4 protein chains.
Amino acid sequence: MKIAIVGASGYSGEELLKRLAEHPLVELGCLTSRQHAGKKASDVFGWIGDHSPLANVEFTEPDLALLPSLGIAFAFLALPHGVAAEFASPLLERGIKVIDLSADFRIKDPGVYRYFYKHEHPVPALLKKSVYGLPEAYRDQISCAALVACPGCYPTSILLPLLPLVRARMIRSSSIIANSLSGVSGAGRKADVDLLFVECNESARPYGLPGHRHLSEIEQEITNAAGQQVRIQFAPHLIPLNRGIVTTIHAEPVDELTVDSVGEVYHAAYDRDRFIRLLGSHRYPDVKDVAFSNRAEIAWRVDSRTGRVILMSVLDNLVKGAAGQAIQCFNIMNGWDEGIGLGT
Amino acid sequence: MKIAIVGASGYSGEELLKRLAEHPLVELGCLTSRQHAGKKASDVFGWIGDHSPLANVEFTEPDLALLPSLGIAFAFLALPHGVAAEFASPLLERGIKVIDLSADFRIKDPGVYRYFYKHEHPVPALLKKSVYGLPEAYRDQISCAALVACPGCYPTSILLPLLPLVRARMIRSSSIIANSLSGVSGAGRKADVDLLFVECNESARPYGLPGHRHLSEIEQEITNAAGQQVRIQFAPHLIPLNRGIVTTIHAEPVDELTVDSVGEVYHAAYDRDRFIRLLGSHRYPDVKDVAFSNRAEIAWRVDSRTGRVILMSVLDNLVKGAAGQAIQCFNIMNGWDEGIGLGT
Amino acid sequence: MKIAIVGASGYSGEELLKRLAEHPLVELGCLTSRQHAGKKASDVFGWIGDHSPLANVEFTEPDLALLPSLGIAFAFLALPHGVAAEFASPLLERGIKVIDLSADFRIKDPGVYRYFYKHEHPVPALLKKSVYGLPEAYRDQISCAALVACPGCYPTSILLPLLPLVRARMIRSSSIIANSLSGVSGAGRKADVDLLFVECNESARPYGLPGHRHLSEIEQEITNAAGQQVRIQFAPHLIPLNRGIVTTIHAEPVDELTVDSVGEVYHAAYDRDRFIRLLGSHRYPDVKDVAFSNRAEIAWRVDSRTGRVILMSVLDNLVKGAAGQAIQCFNIMNGWDEGIGLGT
Amino acid sequence: MKIAIVGASGYSGEELLKRLAEHPLVELGCLTSRQHAGKKASDVFGWIGDHSPLANVEFTEPDLALLPSLGIAFAFLALPHGVAAEFASPLLERGIKVIDLSADFRIKDPGVYRYFYKHEHPVPALLKKSVYGLPEAYRDQISCAALVACPGCYPTSILLPLLPLVRARMIRSSSIIANSLSGVSGAGRKADVDLLFVECNESARPYGLPGHRHLSEIEQEITNAAGQQVRIQFAPHLIPLNRGIVTTIHAEPVDELTVDSVGEVYHAAYDRDRFIRLLGSHRYPDVKDVAFSNRAEIAWRVDSRTGRVILMSVLDNLVKGAAGQAIQCFNIMNGWDEGIGLGT
């Protein structure tokens, strides 16, 4: 299966490249980067050894006129928000399936997109066709989609623990409060003083309060699951990690809950999902356990003193939160085992 | 003023030593450590230079028979929970004032102590005499106390943003949800595999859910301020920092709130407190701004979409969360400027 | 091929377990750990997911009476120095091949062993039979060995850049000065206060000067290559990384050298070695490029002002410096492609 | 004493500001930054609290026409290399003394400057007037200088351990090999992708080999001390620390040496220097012991196997390696105790 990675100079694109290079059913037909066009990938990414299948791959300019002529069946877009939309339309018209890692096709309602992203959506017609690329929620739709919009890293870490409980009407959706901690790669590979080592090391800080853009897709999906309009509280923080997200969610139950009843709902929802690990009500998740893995891990507690349920999740923002999830969707779109190329 | 530091081998004791050595009105009469007795402090702590006033200080065994004979007026106890209580009573009987950094004298109700600490309090009679050493709340009582129980690091970071709003009946106390992130020094200098560099670096994890011991003092103080029994939700996390705590609190307002009305309450409460900095409703706190400082910084938002108020605070767990706060109390107990020896 | 991992609670043993679990030709017959006997591996190591082949593996006591009855053909020993020797002899007697990651069988001369390790070697007769497990130097001997002593992490990082130039008589061996920087996992998973996060983060320090134990094997191998007795200068440092070693070596040339003549020797020596990457005389090695990889990377310079040659190398101390190299040897001992299970 | 800090947006300028604000004999007359002109310092630097003397200080444009009219007696230049030279001349002409933290006035020989900095020196006449601001070597000259060129951070860490032994003719200067490890703040506050958190964390790398610019001043000073032209070997490395430099030097003795004879020379040289701490031949230096301090610490060994002497030093690159050393010079230029404002 011949594929293209469009925009591979950022952290998500780099992770895509690393993992697709090891995917046994993939041939890399094209690797683009405005910044690195003409360079060998191995001169940009030091982890590409001489015996890697990528040893002689070169970056090219992202050329919409050229891309369709390369015999590519799939294009992974790892472009900045706003840029991806320009590429998707012409690719789809030529019959190339698109897996987009940006936020451009995640929001179904152009009004919500405008509210959170502060501009009109460039191709609103495509919003209806795109499928939200969270396999644990939309596996069937993904399998027959031509355009998949991979979820953000925060949304993945929040939706995976919430969706089964919201669907089961076990928690009051208006009571949901999600706190998340993200490693610095989540902010992208940008030459920004605030992201320098000295500014982030021995630093930890909340940001993006109260209306972080990822709220739009979180609320869209929780609203769908709840069957009613929901507003979520979401507080992101930057902490000195390379990779990883920890999310801790507090919510009030509709009726009295036990850890066992929560566990039953989770097991019913996720026992066939190989990339979800249920840690139960005694263990704690730790980002180091999922670093470089496509696994999300979920633990839970019921606070007998307050009655609230506490949900915890961890994942690697560049894998299950980006490139790994994209490849999982790609496998599903091809009717393959969804774990190919993604380890255990 | 001649003082003793009892139990100075941990991180809080070390920080006390570092700061009291620079305090212009203090003479160090005694420095104890079971582990290091007989050693020079400069052989244990590499930061003590040859020209430091501590260059020739030695650790001694903590000897309750000897301590009172050294002409000491104050004893700082930086001992493990449970051990401090044994020392306080005999010292107080000899007229030595005690500033305790452990949890032993923070809880007024022996039943609450038993519930959270899993054993009977050894000297419950002293609980009534102790004053909770949060100067911004109890300055007057501290000024005439013989026994001050310094608050924990998490409680300081949670109470400082909450108390003014709870006292002003602006937030529903039952709705309070506090998420905190702590640097690893908060776990103490313990030879524990879970605290090794390799286990904590590139790691982040929730722990102590839902009933962390610090809840006992947090709820005691919020209950006092609210005038009614309150249960708090509290979620601590360990992140790869040497020092620092970030707390983000969500709560529902009693009546509609604005960032300005919150700001007015804060300014009324804290404008005379030199170690509180109000960042307002636009800036974000960052632990690196308060590292090595006795300052706590507070920022706030009102989420117009959910109606909730969001409070953020940062402090250095070893300074405003431990040793610095202890010295602030000490200055107050002596009727001095409370900032002596604590920088700006 | 049924194998045992004996002593899998340390960092090297954990890395062996992780990689052998993915090795397509290996069946894990036995996993021992005194500390964890009776526990499931997935309860000790958080990275083992429910769908991992290790999901149901348990640790057992290391039992020399039992091990030979399990049908095991190979035993990987990841035991502390001194303990491995006790296990090797009985295993070898039963026809089980041994790949030892400790220092116990690296030194050929019992007198050198005694000098550096401060005690008599327990089974000196085995020293003659063991092969030093550096495939790039001893591939043929490894292929027919029954006992392989895997090199230390520092020695691997020092020998790989030095051996070709020493063999070619291009550098004066008495002039060799090696400086190395190691991540903290190199010190092992020990509950030692000096290895706590707070003690290692924002810390960097030389140690083990001037007679670090690894000198014994470095000098043994350089002496062999030089054909004369050599003394090396070696300065190790601990830096705040989880994994990785950087080595920078200075040496005086025998005759005038160019970067090209150095490059020719390296290419002749290593062009068929898939785990050596030659970076040449312009690029710099970075431990992040080889983290989690079995690759060692080498760069070089000639200082026209001083005439000295400068050699730089990086590797992952837990992979090419320990578990990866052990598996590379294991593959060679079986006559397989030496890269199986080791990535690119 | 009214002073100006010219160019205070980088790490060295920020450190100067923090420390001069606490200096009891200093009035800050002017604080410039092109980038931040018009902003309050407290809006740029989060560590400036409301009760700080800097609470209301503003950045201004660096205006050479205006500076002399402000009644300033001293100007600290924390400008990029090349820019400082433009400011020094007009300031000196108006009788304002200059303490320059850049490399612009460190090199006496314009030819050496050209060789290492790749352009002609803009005001070579000033090179003769400047004094190299290493108080332990040039205290008397500094005391009567109008222009002091503060040494670089690497040179300070290399010269302090070397100068006494070179002056005493105890080591062969041609044999000197210095390896240094630097925290990332040494690279400056630059929006450079290579300095991002994700690029530096879990990374360690040599760079600038073999001809790092700092060699020019190191060799100049060693040559002066040796009384003959000397070439030094110097290998810098970047490691994931915020601040700190570790240097390990190997050299051959002229005649046989002992740790005691080395110690005697050091004690004779440094016993009156309050910012030098001699750790002797058993302890190891650690950057965490000198972080935020103006102290440099020195340890040494003699390797009985190779005959070489090993010197180790640590310092904080922003304090003894930059701002602290500048203030130490400033105190000396004023005839004050050189430790004022610099702690113990």
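Can you name the residue in the range C:229-244 that is under 16 Å from C:ASN317 (Cβ atoms) and at the interface with another protein chain (Cβ under 7 Å from one of its Cβ atoms) and, of all such residues, is surrounded by the most Cβ atoms within 10 Å (Cβ to Cβ)? So that I can check it myself, show each step before the final result.
Of the range C:229-244, the ones under 16 Å from C:ASN317 (Cβ atoms) are C:234, C:236-244.
Adding the requirement that they be at the interface with another protein chain (Cβ under 7 Å from one of its Cβ atoms) leaves C:237, C:239-242, C:244.
On the way: C:HIS237: 24, C:ILE239: 26, C:PRO240: 25, C:LEU241: 29, C:ASN242: 24, C:GLY244: 31.
So, considering only residues that are under 16 Å from C:ASN317 (Cβ atoms) and at the interface with another protein chain (Cβ under 7 Å from one of its Cβ atoms), the one surrounded by the most Cβ atoms within 10 Å (Cβ to Cβ) is C:GLY244.
Right, A:ASP255: acidic (Asp, Glu) and within 8 Å of another protein chain (Cβ to nearest Cβ) or not? In short, no.
Listed here are the residues, each with its yes/no results for (1) in contact (Cβ under 8 Å) with a residue 40 or more places away in the chain; (2) open to solvent by 10 Å² or more (accessible area, probe 1.4 Å); (3) within 13 Å of chain B (Cβ to nearest Cβ).
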| position | (1), (2), (3) |
| --- | --- |
| D:GLN220 | yes, yes, no |
| D:ALA251 | yes, no, no |
| D:VAL290 | yes, no, yes |
| D:VAL302 | yes, yes, no |
| D:ALA323 | yes, no, no |
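So for the range D:130-145 (the condition being over 17 Å from the mean Cα position of the chain (by Cα), more than 30 Å from D:ASN242 (Cα to Cα) and within 14 Å of chain C (Cβ to nearest Cβ)), does at least one residue qualify? Scanning the range D:130-145 turns up no residue that is over 17 Å from the mean Cα position of the chain (by Cα), more than 30 Å from D:ASN242 (Cα to Cα) and within 14 Å of chain C (Cβ to nearest Cβ).
Across the range C:224-240, the number of residues qualifying as in contact (Cβ under 8 Å) with a residue 40 or more places away in the chain, in contact with a Lys or Arg (Cβ under 9 Å, 6 or more places away or on another chain) and either assigned to a helix (DSSP H, G or I) or not β-branched (Val, Ile, Thr) (or both) comes to 6.
Give the residues of the range B:109-135 that are assigned to a loop (DSSP other than H, G, I, E, B) and not small (Gly, Ala, Ser), sorted by residue number.
Step one: list which residues in the range B:109-135 are assigned to a loop (DSSP other than H, G, I, E, B), which gives B:109, B:118-124, B:130, B:133-134.
Residues satisfying the conditions are B:ASP109, B:LYS118, B:HIS119, B:GLU120, B:HIS121, B:PRO122, B:VAL123, B:PRO124, B:LEU134.
The condition of being farther than 30 Å from A:VAL290 by Cβ, surrounded by fewer than 18 Cβ atoms within 10 Å (Cβ to Cβ), away from every other protein chain (no Cβ under 14 Å) and in contact with a helix residue (DSSP H, G or I) (Cβ under 7 Å, 6 or more places away or on another chain) holds for only one of B:ARG114, B:ARG167, that being B:ARG167. Among the residues of the range B:141-193, those that are in a helix (DSSP H, G or I), among the β-branched types (Val, Ile, Thr) and under 15 Å from B:THR223 (Cβ atoms) comprise B:ILE158, B:VAL166.
Consider B:TYR138 carefully, then state whether it is among the hydroxyl-bearing types (Ser, Thr, Tyr), surrounded by fewer than 20 Cβ atoms within 10 Å (Cβ to Cβ) and not in a strand (DSSP E or B).
Working: among the hydroxyl-bearing types (Ser, Thr, Tyr): yes; surrounded by fewer than 20 Cβ atoms within 10 Å (Cβ to Cβ): yes; not in a strand (DSSP E or B): yes.
It is true that B:TYR138 is among the hydroxyl-bearing types (Ser, Thr, Tyr), surrounded by fewer than 20 Cβ atoms within 10 Å (Cβ to Cβ) and not in a strand (DSSP E or B).
Count, please, the residues in the range B:269-288 that happen to be aliphatic (A, V, I, L, M) and either in a loop (DSSP other than H, G, I, E, B) or more than 23 Å from the chain's Cα centre (by Cα) (or both). Selection size over the range B:269-288: 0.
Among residues that are surrounded by fewer than 23 Cβ atoms within 10 Å (Cβ to Cβ), more than 9 Å from every other protein chain (Cβ to nearest Cβ) and among the basic types (Lys, Arg), A:ARG213 is included. Among the residues of this structure, D:ILE96 does not count as one that is in contact with a Cys (Cβ under 6 Å, 6 or more places away or on another chain), farther than 17 Å from D:HIS214 by Cα and open to solvent by less than 10 Å² (accessible area, probe 1.4 Å). Count of the range A:153-185 residues, restricted to those that are within 19 Å of A:ALA235 (Cα to Cα) and either in contact with an Asp or Glu (Cβ under 6 Å, 6 or more places away or on another chain) or at pLDDT 95 or above (or both), is 23.
Residues in the range D:117-135 that are within 12 Å of D:SER89 (Cβ to Cβ), crowded, with 16+ Cβ neighbours inside 10 Å and touching a residue at least 40 places away in the same chain (Cβ under 8 Å): D:LEU126 only. Considering the conditions (1) part of a loop (DSSP other than H, G, I, E, B); (2) within 19 Å of A:PRO240 (Cα to Cα); (3) in contact (Cβ under 8 Å) with a residue 24 or more places away in the chain; (4) more than 8 Å from chain C (Cβ to nearest Cβ), D:GLU202 is excluded by exactly one of them, (4). The number of residues in the range D:181-197 being crowded, with 24+ Cβ neighbours inside 10 Å and facing chain A (nearest Cβ under 7 Å) comes to 4. Answer with yes or no whether D:ALA178 is open to solvent by less than 10 Å² (accessible area, probe 1.4 Å), within 11 Å of another protein chain (Cβ to nearest Cβ) and in contact with a Gly (Cβ under 7 Å, 6 or more places away or on another chain). For D:ALA178, the condition - open to solvent by less than 10 Å² (accessible area, probe 1.4 Å), within 11 Å of another protein chain (Cβ to nearest Cβ) and in contact with a Gly (Cβ under 7 Å, 6 or more places away or on another chain) - is not met. Answer with yes or no whether B:TYR266 is part of a loop (DSSP other than H, G, I, E, B) and within 14 Å of chain D (Cβ to nearest Cβ). Criteria not met by B:TYR266.
The values are calculated or read from the model by the stated rules, or taken from the named source; none is laboratory data. Bear in mind the structure is a predicted one, so any value in this text is a computation, not a measurement. A quick note on method: Cβ atoms are made from the backbone with ideal geometry, for glycine too, and the neighbour counts reach across all protein chains shown. Calculation scope for accessible area: heavy atoms of the full protein, side chains included, ligands and nucleic acids excluded. Shrake-Rupley method; radii C 1.70, N 1.55, O 1.52, S 1.80 Å.
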